[in-house]
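> Take this structure, written in structure tokens, and hold onto it; I'll ask about it next.
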């Protein structure tokens, strides 16, 4: 048997970069291969791998987080810019671009969530609000309970479509140029402090290590290392769906016997919420009740909110094809190391695409010819990056789908 190993930094089955932080800057691992960023095709992997990996990660974080995460497909926004505001409290435009995306099913796998373009959720939310009317069935009172009434609907729509300083909107700063936007965006609230995020991302003692055996009846081994550097008992459990093979990228070969290892370092939960609309101050922009109430009110004579026309979005949960969701948490880590080992044969292919951190499961192309991909050790140069451009690897997230929530004001 030929044994070879590669240690590659990547998003779980998607793409990634590795980070090691300093006081004001950090180092990001990159490769010096020529890359074509226009090709972001996700290459096929064994579909059974995604639920197994998701299950293993959720078991791994269960000792310190209650949330059950879903893996997120690598989005057009890139990795999360976790340093979400500058010293003056101006929100990072790069962070906004990620957290404001609309959550929807992935076209590549039913086990992945994907993200729309930046601002996709507030744009979809305002479109739905503009398609809702309020039926009183009686003389309207402005004192109707929140969020009942046309006045509440009007204010929500106005604050979402036209955010200002007065109604709780926020300006953003371009992380590349330092330019502060002239216009306002709808606001998001991050409950983690930047100091907390920096501390946890730098703490590699909080990690998850997963080994998944391919074509092997033995169970998965998940190892959790906590802040105190104490290792809990390894979690051993049987595969919910046996993986008999794993198709390697670019159709270069198939892994039929071996071990896929995933090691996540500096794991933490990034908490996000759209700024809630407050009735008394008329600030903020998000309240999901009108949408949930309109979904519930199928009888046009019922008092409450109704859709004027059938929405173009699927307002169900993600598992039911729902494509109108927003991010509430992101499970992130400082770095991720993936390993393949104990392969039966080295992978050979003429004119293949070289394995790099960002193209392993995305498909960035190179012009190298006659390269033998044998999953060898890879080393990448370092590059310092300003603080507003610091990124963390997104493992997965939790989401809210307002149309599927219980309709309570």
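> Does residue 101 satisfy being at pLDDT 95 or above, buried (at least 16 other Cβ atoms within 10 Å of the Cβ), out of contact with any strand residue (DSSP E or B) (no Cβ under 8 Å at 6 or more places or on another chain) and on the phi < 0 side of the Ramachandran plot?
Working: at pLDDT 95 or above: yes; buried (at least 16 other Cβ atoms within 10 Å of the Cβ): yes; out of contact with any strand residue (DSSP E or B) (no Cβ under 8 Å at 6 or more places or on another chain): no; on the phi < 0 side of the Ramachandran plot: yes.
In short, no.
> Give the range 289-308 a look and list any residue that's in contact with a helix residue (DSSP H, G or I) (Cβ under 8 Å, 6 or more places away or on another chain) and surrounded by fewer than 21 Cβ atoms within 10 Å (Cβ to Cβ), or say none.
Once the filter is applied, which keeps residues that are in contact with a helix residue (DSSP H, G or I) (Cβ under 8 Å, 6 or more places away or on another chain) and surrounded by fewer than 21 Cβ atoms within 10 Å (Cβ to Cβ), the range 289-308 yields 295, 304, 307.
> May I ask you to verify whether residue 319 is closer than 30 Å to residue 206 by Cβ, surrounded by fewer than 14 Cβ atoms within 10 Å (Cβ to Cβ) and either out of contact with any helix residue (DSSP H, G or I) (no Cβ under 9 Å at 6 or more places or on another chain) or modelled with pLDDT of 95 or more (or both)? Steps first, answer last, please.
Details: closer than 30 Å to residue 206 by Cβ: yes; surrounded by fewer than 14 Cβ atoms within 10 Å (Cβ to Cβ): yes; either out of contact with any helix residue (DSSP H, G or I) (no Cβ under 9 Å at 6 or more places or on another chain) or modelled with pLDDT of 95 or more (or both): yes.
Yes: the conditions hold for residue 319.
> Something else now. Just one of the numbered conditions (1) at pLDDT 95 or above; (2) over 20 Å from the mean Cα position of the chain (by Cα); (3) surrounded by fewer than 21 Cβ atoms within 10 Å (Cβ to Cβ); (4) at positive phi is not true of residue 311; which one?
(4)
> Now for a separate question. Check residue 222 against each of (1) surrounded by fewer than 19 Cβ atoms within 10 Å (Cβ to Cβ); (2) within 26 Å of the chain's Cα centre (by Cα); (3) at pLDDT 65 or above and name the one condition it does not meet.
It is condition (1) that residue 222 fails.
> Pick out, from the range 255-317, the strands (runs of 3 or more DSSP E) lying fully within it that include 1 or more residues that are under 21 Å from residue 135 (Cα atoms) and touching a strand residue (DSSP E or B) at 6+ places or on another chain (Cβ under 8 Å). Please lay out each step first, then the result.
Numbers: elements: 258-265, 268-274, 304-307.
Qualifying strands (runs of 3 or more DSSP E): 304-307.
A quick yes/no check of all residues on (1) at pLDDT 95 or above; (2) surrounded by fewer than 20 Cβ atoms within 10 Å (Cβ to Cβ):
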residue	(1), (2)
149	no, yes
154	no, yes
158	yes, yes
166	yes, yes
172	yes, no
176	no, yes
183	yes, yes
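> Among the residues of the range 59-87, what is the count of those that are within 30 Å of residue 177 (Cβ to Cβ) and surrounded by fewer than 20 Cβ atoms within 10 Å (Cβ to Cβ)? Spell out the reasoning first.
Step one: filter the range 59-87 for residues within 30 Å of residue 177 (Cβ to Cβ), giving 72-87.
Narrowing further to those that are surrounded by fewer than 20 Cβ atoms within 10 Å (Cβ to Cβ): 76, 78, 85-87.
Residues in the range 59-87 being within 30 Å of residue 177 (Cβ to Cβ) and surrounded by fewer than 20 Cβ atoms within 10 Å (Cβ to Cβ): 5 in total.
The values are calculated or read from the model by the stated rules, or taken from the named source; none is laboratory data. Note that the coordinates shown come from a computational prediction; the quantities given were computed from them, not determined experimentally. No Cβ is skipped: glycine too gets one built from the backbone with ideal geometry, and neighbour counts run over all protein chains shown.
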